[in-house]
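First the structure, in the form of structure tokens, and then the observations on it.
The values are calculated or read from the model by the stated rules, or taken from the named source; none is laboratory data. From a predicted model like this one, the values you see are computed outputs, not experimental measurements. As a convention, Cβ positions derive from the backbone with ideal geometry for all residues, glycine included, and neighbour counts pool all protein chains shown.
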Amino acid sequence: MSAISISGLHKRYPRVHALTGIDLEIERGEFFGLLGPNGAGKSTLINIVAGLTRFDTGRVTVLDRDVVSDYRSTRRLIGVVPQELAFDPFFNVREVLRIQSGYFGLRANDAWIDELMTALMLNEKAETNMRALSGGMKRRVMIAQALVHKPEVVVLDEPTAGVDVQLRKSLWTFIRRLHREGHTIVLTTHYLEEAEALCERIAILNHGEIVALDTKHALMARGIGHTRRVCITTQEPLGSLPEGLARKVLRQEGNQIELQLDKTTDSVIAVLDALRSRGAVITDLSMEGADLEDVFVELTQRQKP
Ligand SMILES: Nc1ncnc2c1ncn2[C@@H]1O[C@H](COP(=O)(O)OP(=O)(O)OP(=O)(O)O)[C@@H](O)[C@H]1O
Ligand SMILES: [Mg+2]
């Protein structure tokens, strides 16, 4: 049984064919990434899985339950954090979470609510009204809200959009914990390094169509064979370089060198060691190279036919 199963899914809005025949199976326990440029159809797809948006043709199930005909049971199995912040300004954080628990008939849910608030660092804001929270705080409440009923499948539509670096890191930790505890996680994000860090398998959506679907490693490997550029700054100007390194130099100016390294055979660490062994003190290092971002750009820059 798949966590989420989608077949032959089409969705048309009056002006746009938002999903043009999606087939996708997400396994139980997977950490799945859904990437794509603005307007690709990610949120449309997620909202359909959540039972919030109608579709034209196709079939969508969550843990074998049909999201249309068995809406009530799929709602219990899935927790969705929507992209748009939507909240009732008159309730405080704890009230929002209690009300949400009430929708699922969970009356004595305070222990879990407290655990969620702790994990999401919301404790201090428990009695604060929603309208008085910052955007990042509201985002955290929406994540807690999607999890009040401990759904097996957790879908997060850009949970870290507009969220500062520190919170992003703590959200990652929390989402990783949910995954370790057996939840299936589906994440959309515009931060490719986030998908690189978290997801096991990734689909790239473009113009309502899946243009790539593979493990993260396989997708990133498409960039292999490419080289990576490494720029190193040292405290003192570097003199002549060892033969092995000199061949890889693209540019050498004063205390900066730029090298072209083969991603598969050259190790950045070995280069640094070679420089250090000649007494160089390295003060800065930057790298550019084929990674998920290259693959993403290559697959999504094509214009709609
Ligand atoms: N309610 C709606 N009515 C009409 N068109 C819509 C509606 N919702 C989305 N669309 C259109 O459907 C397409 C897909 O939108 P969607 O929001 O799913 O993209 P997305 O991949 O989530 O983008 P983003 O990265 O900006 O969140 C876009 O062309 C959008 O304009
Ligand atoms: Mg979206």
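Scanning the stretch 164-193 for residues that are touching an Asp or Glu at 6+ places or on another chain (Cβ under 6 Å) and of a type in the set (A, V, I, L, M, F, W, C) yields one hit, L192.
Residue check: is G162 in contact with a helix residue (DSSP H, G or I) (Cβ under 7 Å, 6 or more places away or on another chain) and either small (G, A, S) or on the phi > 0 side of the Ramachandran plot (or both)? The answer is yes for G162.
Checked against (1) touching a residue at least 60 places away in the same chain (Cβ under 8 Å); (2) touching a helix residue (DSSP H, G or I) at 6+ places or on another chain (Cβ under 9 Å); (3) crowded, with 21+ Cβ neighbours inside 10 Å; (4) not charged (D, E, K, R), F55 passes all but condition (1). Against the test of being more than 16 Å from ligand 2 (Cβ to nearest atom), in contact (Cβ under 8 Å) with a residue 24 or more places away in the chain, part of a strand (DSSP E or B) and closer than 14 Å to V81 by Cβ, the options V154, V186, V141 yield a single qualifying residue, V154. Of all the listed residues (V148, V153, V230), the sole one being surrounded by 20 or more Cβ atoms within 10 Å (Cβ to Cβ), at pLDDT below 95 and over 13 Å from the mean Cα position of the chain (by Cα) is V230.
For the stretch 55-67, indicate whether the set of residues that are modelled with pLDDT of 95 or more, within 16 Å of ligand 1 (Cβ to nearest atom) and charged (D, E, K, R) is non-empty. Yes, the stretch 55-67 has at least one match.
Given the structure, is I232 outside any loop (DSSP other than H, G, I, E, B) and outside the structural domain of T44 (by TED's automatic domain parsing)? For I232, the condition - outside any loop (DSSP other than H, G, I, E, B) and outside the structural domain of T44 (by TED's automatic domain parsing) - is met.
Quick grid of which residues meet (1) more than 16 Å from ligand 2 (Cβ to nearest atom); (2) farther than 30 Å from F296 by Cβ; (3) touching a Lys or Arg at 6+ places or on another chain (Cβ under 8 Å):
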| position | (1), (2), (3) |
| --- | --- |
| T20 | yes, no, no |
| T57 | yes, no, no |
| D88 | yes, yes, no |
| F104 | yes, yes, yes |
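The residue that is farthest from the chain's Cα centre (by Cα), among those in the stretch 178-206 that are under 18 Å from L45 (Cα atoms), within 13 Å of ligand 1 (Cβ to nearest atom) and not hydrophobic (A, V, I, L, M, F, W, C), is N206.
Filter the stretch 159-172 down to residues that are assigned to a loop (DSSP other than H, G, I, E, B) and either at pLDDT 90 or above or away from ligand 1 (no atom under 16 Å from the Cβ) (or both), then give me how many there are. Qualifying residue count for the region: 1. Tell me which residues, restricted to the stretch 107-135, are surrounded by 17 or more Cβ atoms within 10 Å (Cβ to Cβ) and of a type in the set (G, A, S). Passing the criteria: only A119. Does E209 satisfy the criteria of being in the same structural domain as F32 (by TED's automatic domain parsing), crowded, with 18+ Cβ neighbours inside 10 Å, within 16 Å of ligand 1 (Cβ to nearest atom) and of a type in the set (D, E)? No: the conditions fail for E209. So is E84 more than 26 Å from the chain's Cα centre (by Cα) and outside any strand (DSSP E or B) or not? No: the conditions fail for E84.
In the condition set (1) surrounded by 19 or more Cβ atoms within 10 Å (Cβ to Cβ); (2) part of a loop (DSSP other than H, G, I, E, B); (3) under 20 Å from the mean Cα position of the chain (by Cα), N47 is compliant with all but (2). Being under 15 Å from the mean Cα position of the chain (by Cα), modelled with pLDDT of 90 or more and either on the phi < 0 side of the Ramachandran plot or assigned to a strand (DSSP E or B) (or both) is a description that applies to I175. Annotation: N38 fulfils all but one of (1) surrounded by 15 or more Cβ atoms within 10 Å (Cβ to Cβ); (2) within 16 Å of ligand 1 (Cβ to nearest atom); the unmet one is (1).
Yes or no: I26 within 16 Å of ligand 2 (Cβ to nearest atom), surrounded by 15 or more Cβ atoms within 10 Å (Cβ to Cβ) and either assigned by TED's automatic domain parsing to the domain that holds E196 or at pLDDT below 95 (or both)? So I26 does not fit the description; no.
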